[in-house]
Ligand SMILES: C[S@@+](CC[C@H](N)C(=O)[O-])C[C@H]1O[C@@H](n2cnc3c(N)ncnc32)[C@H](O)[C@@H]1O
């Protein structure tokens, strides 16, 4: 589900950017560490592309693919990210089915979700796609809005979100685990309104070199 005008303004506001740069990014870096040199990352629901800048500059990705369902957001992201030409690709896609853009399983070293999965009615499908496109040992950095926040009168009045089958922080972490994404660190924030963390795609035990996979 796309953002309405109020949420678009809030998400792209300086205070939100400040929190993302100076609070969420350092917290996620403490939980999962920076990426290896040359790492390939995907951001789902990239909005206007500010998160991609952080993935390149703060997390140290070598290349980033970014998608959003909203063509207007993709246009804004392409404009913002033009200076990273050659390292960034931005396209319109649905996070619940990335097979057109990412046909090969295990393509990415890291996937980023900056507050998008709670926008998706069939959100488990998006989690399944994250798990599919991550390589074994790859990291999923997430920051999500929970049912707790979405039930608040202020949220219901100001923003548009799917209403059924929303998740608590605990439920979200359990569903990651169901998809082979082992949560390495997580934190609930603002009385359970938000959940941030890092999960790692499990490595098949019989895979050669599995024992030496990087731990965050
Ligand atoms: C709350 S915004 C977050 C945007 C960006 N990650 C940020 O932090 O600025 C949620 C974004 O998810 C996008 N979105 C919603 N449903 C989507 C889906 N099924 N697939 C991809 N993007 C989706 C919306 O268009 C919107 O840009």
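Each value in this text was obtained by applying a stated rule to the coordinates, not by laboratory testing. On a predicted model such as this, the values are computed, not experimentally measured, just so you know. Using ideal geometry, Cβ is built from the backbone for each residue, glycine included, and neighbour counts are taken over all protein chains shown.
If you check every pair at least six apart or on different chains, which have Cβ atoms under 6 Å apart with a residue in the range 102-130 that is farther than 17 Å from residue 39 by Cβ first and a residue that is more than 13 Å from the ligand (Cβ to nearest atom) and in a loop (DSSP other than H, G, I, E, B) second?
127/179; 128/179
Hand me the list of helices (runs of 4 or more DSSP H) wholly inside the range 1-73 holding 1 or more residues that are under 21 Å from residue 187 (Cα atoms) and away from the ligand (no atom under 12 Å from the Cβ).
By residue number, 14-19, 25-32.
Any residue that is in contact with a strand residue (DSSP E or B) (Cβ under 7 Å, 6 or more places away or on another chain) and touching a residue at least 60 places away in the same chain (Cβ under 8 Å) - is there at least one of those in the range 73-90? Working first, answer last.
From the range 73-90, those in contact with a strand residue (DSSP E or B) (Cβ under 7 Å, 6 or more places away or on another chain) are 74, 77-78, 81, 87-90; that's our starting set.
This time we only want the ones that are touching a residue at least 60 places away in the same chain (Cβ under 8 Å), so: none.
Scanning the range 73-90, I find no residue that is in contact with a strand residue (DSSP E or B) (Cβ under 7 Å, 6 or more places away or on another chain) and touching a residue at least 60 places away in the same chain (Cβ under 8 Å), so the answer is no.
Exactly one condition in (1) within 12 Å of the ligand (Cβ to nearest atom); (2) loosely packed, with under 15 Cβ neighbours inside 10 Å; (3) at positive phi is not met by residue 115; state its number.
(2)
Please go through the range 163-188 and pick out each residue that is part of a loop (DSSP other than H, G, I, E, B), touching a helix residue (DSSP H, G or I) at 6+ places or on another chain (Cβ under 7 Å) and surrounded by fewer than 17 Cβ atoms within 10 Å (Cβ to Cβ).
168
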